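Derivation of every value follows stated rules applied to the coordinates shown; laboratory data play no part. As the structure is a computational prediction, the values presented were derived from the model and not from experiment. Cβ: placed from backbone, ideal geometry, glycine included. Neighbour counts: every protein chain shown.
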Amino acid sequence: MDYFKHREDAAAEAARRITAALQRTLSTQGSATLAVSGGTTPEGVFQTLSGAALPWERVQVTLTDERCVHVSHPDSNEGLLRRTLLTAQAAQAHFLPLTQERLACAPDPFAAVLVGMGTDGHFASLFPDAANLKLGLALPAPLDVMDIRTQSSPHPRITLTLTRLLRTSCLLLLAFGDAKRARLEAPQGTPIAALLQQTQTPVQILWAP
């Protein structure tokens, strides 16, 4: 785990690592796909990343998970991306809706993946109380994308499975606050344990108070 004194510094470092991962992929491939989480934690990353000097027209951006609401709804992760990341230089990037069909046409593996985490140990929309959580955490899983229902959200959700999240060489987990640090240090019995304990893809954890 990498520790930062300030959230702004952790966000800036996450943006730097994502930029470097996209550059590496684009140096050998015609296009690259970035998968990111929603919520308030990554907003600083998105704002910094939007100004990165990249050939954004060759980049596709998708979500690790989404609430099934209209893009104009305040809870829409796509709406958040369009307000914060897909602006400035990154306005040239292509948004890739989170569906099994659309992902099947995207470059695989992802150039980079940015996930967050809740104090209950969920990541993406893989919540502890989801009836199909075992499928979402299975390695391997037969699906890349699956529907989720949780008491933690008033909206039905869709999420990438752990299997699909791990198909990247740059997997970042950004977390803020003492409660999330405590969960990261004692993840047992929660979904995040499956992410942290797998050996397929190293997880780069960036934490700030």
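Here the range 114-144 and the range 77-109 have alpha carbon centers that stand 21 Å from each other.
Per-residue ellipticity at 222 nm, computed for the chain from helices alone with -39500 (n - 2.57) per DSSP H run of at least four residues, works out to -8000 deg cm²/dmol. Each of Phe123, Leu171, Leu22 was scored by the projection of its Cα onto the charge dipole of the chain, and the greatest displacement toward the positive side belongs to Leu22; charges sit on the C-beta of Lys, Arg, Asp and Glu.
About its Cα centre, the dipole of the chain is roughly 180 debye, where the only charges are +1 on Lys and Arg Cβ and -1 on Asp and Glu Cβ.
Each part gets one Cα centre, and for the range 1-45 versus the range 151-176 those centres are 15 Å apart. Shown in residue order for the range 34-50 are the 3J(HN,Hα) couplings computed by the Karplus curve 6.51 cos²θ - 1.76 cosθ + 1.60 at θ = phi - 60°: 10, 10, 9, 8, x, x, 7, 4, x, 4, x, 4, 4, 5, 6, 5, 4 Hz (x for Gly and Pro). Normalising the Debye intensity of the range 169-209 to I(0), with uniform scatterers on Cα atoms only, and taking log10 at q = 0.17, 0.18, 0.27, 0.32 Å⁻¹ returns -0.45, -0.50, -1.01, -1.19.
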